[in-house]
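S.K.: Here it is, the structure in full.
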Amino acid sequence: MGDLLLGALALMLVFEGLLPFFSPRRWREVFLRATQMTDGQIRFIGLTCMLVGLVLLLLNG
């Protein structure tokens with residue numbers, strides 16, 4: 001289980017690093033827009049990401 005969690009974390013970091021590496025200007029624009037969102041909007045995005053991730057885990061396993 002620990003190896004799987006570590007692998008998932010490593011893959012997440014790779015994906016998170018793609019946009020700032022390949023397009024730093026675009027990443028900065030996205031980040032600035034995110035800072036202008038309300039807490040409720042950010043929470044909704046976080047909840048949506050978690051639910052999509054859980055569904056993908058359930059479909060995969």
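The values are calculated or read from the model by the stated rules, or taken from the named source; none is laboratory data. Quick caveat, the model's predicted, so the values are computed rather than measured. As a convention, Cβ positions derive from the backbone with ideal geometry for all residues, glycine included, and neighbour counts pool all protein chains shown. Protein only, heavy atoms only, side chains kept; ligands, DNA and RNA dropped before computing areas. Shrake-Rupley method; radii C 1.70, N 1.55, O 1.52, S 1.80 Å.
S.K.: Please report the carbon-and-sulfur percent of the accessible area for the chain; probe 1.4 Å, protein heavy atoms only, DNA, RNA and ligands left out.
M.R.: 73
S.K.: Provide the per residue accessible area, probe 1.4 Å, for the chain, rounded to a whole number of square angstrom.
M.R.: 96
S.K.: Give the ranking of Met37, Met50, Met12, Met1 by solvent-accessible surface, highest area first, calculated with a 1.4 Å probe.
M.R.: Working: Met37 70, Met50 120, Met12 95, Met1 180 Å².
Putting Met37, Met50, Met12, Met1 in descending order of accessible area: Met1, Met50, Met12, Met37.
S.K.: OK, next. Just for the Cα atoms in the chain, what are the lengths along the principal axes, largest first, rounded to whole Å?
M.R.: Cα spread of the chain along its principal axes, largest to smallest: 36, 28, 18 Å.
S.K.: While we're here: Placing +1 at every Lys and Arg Cβ and -1 at every Asp and Glu Cβ, with all other atoms neutral, what dipole size does the chain have around its Cα centre, in debye to the nearest 20?
M.R.: For this selection, approximately 280 debye.
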